[in-house]
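Asker: Dropping the structure in here first, questions after.
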Amino acid sequence: MTLAAPEFCLDHLSLVDLDALTVIDAAAHTGFAAVSLFVTPIPISPTPDLVADKVARREVLAALRDTGLRVGIVEPFMLDQDPNWQLLERSAELSAELGGTVNILGLDEDHARLRESLERMVDICRRTQAPAVIEAYPLSAIRSPAQALGFAQALGPDVGLCIDTLHIVRSGGGWDDVAALPPERIRHVQLNDGPLEAPHDRVNEAVFDRQLPGEGAFGLKALLPLLPGHATIAVEAPSRVLAKGEPHERAARLMQSMRDLYATP
């Protein structure tokens, strides 16, 4: 039996050491249908500031148009104690221009203030016509899919969820937590793998040291039937070992891991 494989998205964190144009080129040449992108500079990525740099933005838009790639989620949208609202609004405008979805991480442990920030961010997304999803991350203020769902339900039916297999497992959860989510809320799925026992440095694992889908102990095949057909299915598996290869080679390995995962022996 072979599961019907969807078109796959390559999330930027998988090739975090590469700029957006290189990620787009590698994704297009290895059969991905979409890419997720970082659009403002972050310490771990050389991507230019696509919000402020008009030339770089035009180049990325042209590359997307020429390759026919869609955009999955756009990052970073981190809601800490004092968000830069001007930057977040401009980034949401860019997300809409790219045709991508704003991926929100909640970092503010003051949940009353975080709720206010989420409301403001979602209002910005509605105004700019950029869809919004919330991602649970166990080292953030929104630690589990159930908690992310609670925030999304309070914000309205248009707010979805981004689920990440590493984050689900490291939060102490499992695929039953995914099955409990309303399918219509699941908009973006990030597949990756790893050992069941968390390493000492969980931040390092999340950012630099995941395993390719199907190469770890998460049991991803049992998750696949639970994923709604409308969701974007992405690979997000940054790896220092994989980073030693050329961009096309790395993207090809990521794509093959996804194809192998969906092929049931």
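The values are calculated or read from the model by the stated rules, or taken from the named source; none is laboratory data. None of the values given here were measured: they were computed from a predicted structure. No Cβ is skipped: glycine too gets one built from the backbone with ideal geometry, and neighbour counts run over all protein chains shown. Note: areas computed on protein heavy atoms with side chains; ligands, DNA, RNA excluded. Shrake-Rupley method; radii C 1.70, N 1.55, O 1.52, S 1.80 Å.
Asker: Please go through the range 235-246 and pick out each residue that is outside any loop (DSSP other than H, G, I, E, B) and modelled with pLDDT of 95 or more. Steps first, answer last, please.
Answerer: So the first thing to find is which residues in the range 235-246 are outside any loop (DSSP other than H, G, I, E, B), and the list is 235, 239, 242-244.
Within the range 235-246, just 235 meets the criteria.
Asker: Output the residues belonging to the range 96-113 that are over 23 Å from residue 36 (Cβ atoms) and in contact (Cβ under 8 Å) with a residue 24 or more places away in the chain.
Answerer: Of all residues in the range 96-113, those over 23 Å from residue 36 (Cβ atoms) come to 108-113.
Listed by number, the residues that qualify are 108, 109, 110, 111, 113.
Asker: Are any residues in the range 33-45 open to solvent by 10 Å² or more (accessible area, probe 1.4 Å) and modelled with pLDDT of 95 or more, and if so, which ones?
Answerer: Of everything in the range 33-45, those that are open to solvent by 10 Å² or more (accessible area, probe 1.4 Å) and modelled with pLDDT of 95 or more turn out to be 33, 38.
Asker: Quick check on this structure: which one of 222, 231 is in contact with a Lys or Arg (Cβ under 9 Å, 6 or more places away or on another chain) and either on the phi > 0 side of the Ramachandran plot or touching a residue at least 24 places away in the same chain (Cβ under 8 Å) (or both)? Break it down into steps so the answer makes sense when it comes.
Answerer: Values: 222 fails: in contact with a Lys or Arg (Cβ under 9 Å, 6 or more places away or on another chain).
Every option except 231 fails the conditions.
Asker: Which is touching a residue at least 60 places away in the same chain (Cβ under 8 Å) and either acidic (Asp, Glu) or touching a Leu at 6+ places or on another chain (Cβ under 7 Å) (or both), of 93, 75, 116, 59?
Answerer: 75
Asker: Condition first: farther than 20 Å from residue 135 by Cα, of a type outside the set (A, V, I, L, M, F, W, C) and part of a loop (DSSP other than H, G, I, E, B). Now tell me which residues in the range 198-234 satisfy that.
Answerer: 199, 200, 201, 214, 215, 216, 219
Asker: Taking the range 46-78, which residues are open to solvent by 10 Å² or more (accessible area, probe 1.4 Å) and assigned to a strand (DSSP E or B)?
Answerer: 70, 71, 75, 76, 78
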